[in-house]
1. If only one of ASN12, ASN63, ASN2 is out of contact with any Phe, Trp or Tyr (no Cβ under 6 Å at 6 or more places or on another chain), of a type outside the set (Asp, Glu) and at positive phi, which one is it?
2. Determine, yes or no, whether LEU72 is touching a residue at least 24 places away in the same chain (Cβ under 8 Å), closer than 16 Å to ILE94 by Cβ and over 11 Å from the mean Cα position of the chain (by Cα).
3. Do you know which of the residues in the range 22-37 that are in contact (Cβ under 8 Å) with a residue 40 or more places away in the chain and not in a strand (DSSP E or B) is surrounded by the fewest Cβ atoms within 10 Å (Cβ to Cβ)?
4. Go through the range 65-77 and give me each residue that's within 16 Å of GLN26 (Cβ to Cβ) and surrounded by 19 or more Cβ atoms within 10 Å (Cβ to Cβ).
5. Taking the condition of being at negative phi, outside any loop (DSSP other than H, G, I, E, B) and not hydroxyl-bearing (Ser, Thr, Tyr), how many residues in the range 38-48 meet it?
6. Provide a single number: the residues in the range 51-60 that are surrounded by fewer than 16 Cβ atoms within 10 Å (Cβ to Cβ) and in a strand (DSSP E or B).
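We did not get these values from a lab; they are worked out from the coordinates using the rules stated. Note that the coordinates shown come from a computational prediction; the quantities given were computed from them, not determined experimentally. Methodologically, a virtual Cβ is constructed for each residue, glycine included, from the backbone with ideal geometry; neighbour enumeration extends over all protein chains shown.
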Amino acid sequence: MNKIKLYEIKLNDAKELGIDTWNRWQCEESSFDWEYPEEETAYVYEGEVIVTTTDERVHIKENMLVTFPRGLKCHWEVKKRIDKVYTFNFDEVILNNIK
């Protein structure tokens, strides 16, 4: 299973990736299990979450671009209200060029 990929990225740089056209999702503090039927790429405007899989524990916070692999089963623990946008099957070549 592929791992979660994290990129710290400024909002202006994220906008160049087209995040203004992505779907928006918000969640208050909570804890729940989740499975990704498709690869999802998300940009976090604000908030904080710990995502735990069988292989890793990842701390996600504002100004991060995150890719969750297809088929990933995980547990979300939202520590601070999340405001994010997301899209499915984003171009891997573009993601590989983010530094």
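1. ASN63
2. Numbers: touching a residue at least 24 places away in the same chain (Cβ under 8 Å): yes; closer than 16 Å to ILE94 by Cβ: no; over 11 Å from the mean Cα position of the chain (by Cα): yes.
Spelling it out, it is not the case that LEU72 is touching a residue at least 24 places away in the same chain (Cβ under 8 Å), closer than 16 Å to ILE94 by Cβ and over 11 Å from the mean Cα position of the chain (by Cα).
3. Checking each candidate, the answer is GLU28.
4. VAL66
5. Qualifying residue count for the region: 5.
6. Qualifying residue count, the range 51-60: 3.
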